[in-house]
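Please read the structure below before turning to the comments.
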């Protein structure tokens with residue numbers, strides 16, 4: 001009896017839920033086409049097409065969505081028949097889509113059996129004044145890299161261009177992208193260094209640039225001279241070959257740089273930097289021009305694993321970090337010897353974050369950190385917060401904390417965060433030892449997490 005009652009309740013609940021869903025779908029169906037098209041624009045094209053089974057009202061709505069977003073499956077990499085069917089699918093979608101102009105054309109697929117077909121797809125998108133073009137090609141170990149049709153480089157309405165992996169950047173003599181604001185070049189090949197320069201020269205309003213480079217991409221110089229650039233993210237993969245990075249971006253505000261390639265720096269103008277996030281494997285003398293170029297930034301985050309023996313940087317009055325208020329150093333073994341330099345040149349520093357890089361875990365080496373010869377100006381007048389992450393209680397870490405507490409005149413918070421595997425007794429011991437250190441600032445509070 002109880003079971004049949006429960007079944008009736010469940011059946012009633014399911015009917016109510018189905019009724020609610022039907023009412024919800026019906027309400028959406030009564031919306032104007034423009035609103036339904038906007039809703040479908042948040043789905044992939046395949047998902048938008050699936051809505052055609054809901055009712056006659058929905059049958060062809062997807063063909064009026066100004067976004068085409070297509071992606072094949074990993075099975076296409078090894079199955080010739082699936083690749084052929086995906087190519088037919090893309091062609092059919094382009095034929096059925098009614099929009100004279102496209103907001104976005106996104107295509108992610110594995111292999112290029114017939115490059116001419118693919119180039120036809122891109123030319124079709126450009127002919128519809130596409131605003132965003134996002135192309136990712138996988139599986140180029142077997143097939144050659146795809147060269148884009150020249151029509152892309154004169155797309156007058158194109159605002160966002162993202163090229164990833166199996167693309168070879170072959171740029172014509174004439175480039176005119178008057179509306180392009182965002183450019184991503186990720187693990188692609190370049191016909192020549194001149195191709196890159198021609199592309200940048202034709203982007204008159206470019207604001208965001210993302211570069212991901214690897215050894216063997218046929219490029220040895222990255223000459224980035226873009227007067228409108230505001231955001232730049234560059235990553236150079238590990239390799240032995242030398243590469244030269246030239247930057248002239250007078251209004252650049254945000255720089256994210258990862259250097260594992262042995263870069264030589266030529267930074268002509270990055271005077272408007274607000275934020276810089278730099279990651280290197282070895283901190284060496286070749287990074288001195290980079291350090292000096294960051295002197296106007298307000299927030300700097302430096303990550304490095306090892307530090308070679310660097311010559312003493314000659315930072316004159318023009319290279320002091322006068323605007324820097326937040327500094328984060330994420331350091332591996334042997335890299336702490338530059339902390340004193342940063343304290344000396346960051347005269348208005350307010351927040352200092354120190355973090356031990358996980359790459360130096362378990363090496364068993366001791367860092368011979370030496371404090372500055374005289375107390376830096378920032379400790380006497382501006383440093384208000386220090387956060388030490390990954391604290392293990394080794395000798396050099398104690399020396400740093402003790403030195404800062406002893407000399408930081410206006411320090412408000414000293415926050416220590418230990419590694420998660422530190423026993424409770426050890427944590428209590430750390431806190432007790434910290435509380436015994438003399439503090440120059442009478443308002444300084446210790447926080448141990």
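The values are calculated or read from the model by the stated rules, or taken from the named source; none is laboratory data. Everything numeric in this text was worked out from a predicted model, so none of it was measured. So basically every Cβ, Gly included, is an ideal-geometry build from the backbone, and we count neighbours across all protein chains shown.
Numbers at a glance
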{"item": "Which numbered condition residue 419 misses (of (1) surrounded by fewer than 19 Cβ atoms within 10 Å (Cβ to Cβ); (2) modelled with pLDDT of 90 or more)", "result": "(2)"}
{"item": "Residue within region 229-240 that is surrounded by 18 or more Cβ atoms within 10 Å (Cβ to Cβ), in contact with a helix residue (DSSP H, G or I) (Cβ under 8 Å, 6 or more places away or on another chain), modelled with pLDDT of 90 or more and not in a strand (DSSP E or B) present", "result": "no"}
{"item": "Residue in region 177-189 that is modelled with pLDDT under 95, surrounded by 21 or more Cβ atoms within 10 Å (Cβ to Cβ), in contact with a helix residue (DSSP H, G or I) (Cβ under 8 Å, 6 or more places away or on another chain) and over 23 Å from residue 74 (Cα atoms) present", "result": "no"}
{"item": "Residue match in region 134-154 (condition: surrounded by 16 or more Cβ atoms within 10 Å (Cβ to Cβ), in a strand (DSSP E or B), in contact with a helix residue (DSSP H, G or I) (Cβ under 6 Å, 6 or more places away or on another chain) and on the phi < 0 side of the Ramachandran plot)", "result": "yes"}
{"item": "Residue among 277, 223 that alone is within 23 Å of residue 181 (Cα to Cα), in contact with a helix residue (DSSP H, G or I) (Cβ under 6 Å, 6 or more places away or on another chain), modelled with pLDDT of 90 or more and part of a strand (DSSP E or B)", "result": "223"}
{"item": "Members of region 53-89 found to be exposed (fewer than 15 other Cβ atoms within 10 Å of the Cβ), at pLDDT below 85 and closer than 21 Å to residue 120 by Cα, listed by number", "result": "80"}
{"item": "Residue satisfying all of: in region 72-98; part of a loop (DSSP other than H, G, I, E, B) and in contact with a strand residue (DSSP E or B) (Cβ under 8 Å, 6 or more places away or on another chain); nearest to residue 117 (Cα to Cα) among these", "result": "72"}
{"item": "Selection count where residues are modelled with pLDDT under 90 and in contact with a strand residue (DSSP E or B) (Cβ under 6 Å, 6 or more places away or on another chain), scope region 295-314", "result": "7"}
{"item": "Boolean, residue 162 is crowded, with 18+ Cβ neighbours inside 10 Å, over 24 Å from residue 63 (Cβ atoms) and either in contact (Cβ under 8 Å) with a residue 12 or more places away in the chain or within 24 Å of the chain's Cα centre (by Cα) (or both)", "result": "no"}
{"item": "Of the criteria (1) in contact with a strand residue (DSSP E or B) (Cβ under 7 Å, 6 or more places away or on another chain); (2) part of a loop (DSSP other than H, G, I, E, B); (3) surrounded by fewer than 18 Cβ atoms within 10 Å (Cβ to Cβ), which one residue 252 fails", "result": "(3)"}
{"item": "Residue tally, condition more than 19 Å from residue 212 (Cα to Cα) and at pLDDT below 90, over region 251-268", "result": "1"}
{"item": "Any hit, region 118-127, residues being closer than 21 Å to residue 200 by Cα, touching a strand residue (DSSP E or B) at 6+ places or on another chain (Cβ under 9 Å) and touching a residue at least 24 places away in the same chain (Cβ under 8 Å)", "result": "yes"}
{"item": "Top-ranked residue of region 291-302 - restricted to ones that are in a helix (DSSP H, G or I) and over 16 Å from residue 328 (Cβ atoms), ranked as nearest to the chain's Cα centre (by Cα)", "result": "293"}
{"item": "Odd one out for residue 400, checked against (1) touching a helix residue (DSSP H, G or I) at 6+ places or on another chain (Cβ under 8 Å); (2) in a loop (DSSP other than H, G, I, E, B)", "result": "(2)"}
{"item": "For residue 405: the one exception among (1) buried (at least 18 other Cβ atoms within 10 Å of the Cβ); (2) outside any helix (DSSP H, G or I)", "result": "(2)"}
